[in-house]
Amino acid sequence: MEQILQTTYLWLKAGHVIFVIFWMAGLFMLPRYYVYHQESEPGSAEEARWIDREAKLRKIILTPSIIAVWLFGIALATTMDLWSQPWLHAKLLFVLGLSGYHGWLAAYGKKLARGERTLSGKQLRLLNEIPGLAAAVIVVLVIVRPF
Ligand code: HEM
């Protein structure tokens with residue numbers, strides 16, 4: 001029984017980390033695409049290509065990855081009975097923030113596709129720092145477990 005639990009835990013953790021990598025890669029790429037998109041001529045063929053690339057990145061990488069990260073994470077916490085751990089609560093706070101950022105990015109992409117360019121390239125580049133900072137805090141919380 002102990003052996004089965006240990007093997008399940010390791011496979012769940014591997015799945016979790018794999019999809020964390022995909023999710024983070026998508027979160028780093030999408031605002032970059034938006035910067036290039038905003039540099040294209042409104043209504044041009046180049047703009048249409050960026051709209052298509054952004055939609056594919058969201059549909060093929062970002063949406064499946066966020067779902068898988070959450071499902072594997074919840075399964076890990078349940079299998080290892082970790083729900084009462086303070087470091088997990090702190091981690092979840094940052095993960096919720098990151099999930100909110102994801103939702104906001106997806107909504108901004110839909111606005112861009114309608115021709116509404118409300119942020120500057122500089123603002124988008126600054127926003128791109130969010131996932132890196134959040135990932136650093138989350139990894140420290142889950143590996144160092146400071147509390
Ligand atoms: C979506 C909600 C999430 C939940 C519920 C969750 C939960 C968990 C749990 C319970 C573990 C196992 C901890 C252990 O046994 O040591 C774990 C491992 C891990 N998580 Fe998450 N996690 C989530 C999202 C994330 C995100 C967004 C990142 C990174 C940006 C991340 C990075 C990691 C890493 C690197 C590990 C492996 C730590 C180790 O080697 O022990 N997780 N996660």
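The values are calculated or read from the model by the stated rules, or taken from the named source; none is laboratory data. Quick caveat, the model's predicted, so the values are computed rather than measured. No Cβ is skipped: glycine too gets one built from the backbone with ideal geometry, and neighbour counts run over all protein chains shown. SASA here: full protein model, heavy atoms, side chains in, ligands and nucleic acids out. Shrake-Rupley method; radii C 1.70, N 1.55, O 1.52, S 1.80 Å.
A few points about this structure:
- For PHE72, the solvent-accessible surface with a 1.4 Å probe is about 60 Å², rounded to the nearest 10.
- Calculated from backbone phi, Karplus (6.51, -1.76, 1.60) coupling profile of the stretch 52-67 in Hz, x at Gly/Pro: 5, 4, 5, 4, 5, 4, 5, 6, 8, 9, 5, 5, x, 5, 5, 5
- Within the stretch 1-90, GluC sites (Glu not before Pro) in DSSP loop having at most 16 other beta-carbon neighbours inside 10 Å: GLU39
- As a fraction of the 1.4 Å probe accessible area of the stretch 80-120, surface on carbon and sulfur atoms comes out at 65 percent.
- Residue pairs, from the table LYS59/LYS122; LYS13/LYS122; LYS91/LYS122, whose Cα atoms sit over 31 Å apart: LYS13/LYS122
- Accessible surface of SER99 - all protein chains present, 1.4 Å probe, nearest 10 Å²: 30
- Tilt relative to the chain, helix 86-113 - C-alpha long axis, 0 to 90 degrees, to 10: 20
- Computed [θ] at 222 nm, helices only, for the chain once each DSSP H run of length n ≥ 4 contributes -39500 (n - 2.57): -27000 deg cm²/dmol
- Accessible area (Å², per residue) of the chain, counting only protein heavy atoms and a probe of 1.4 Å: 59
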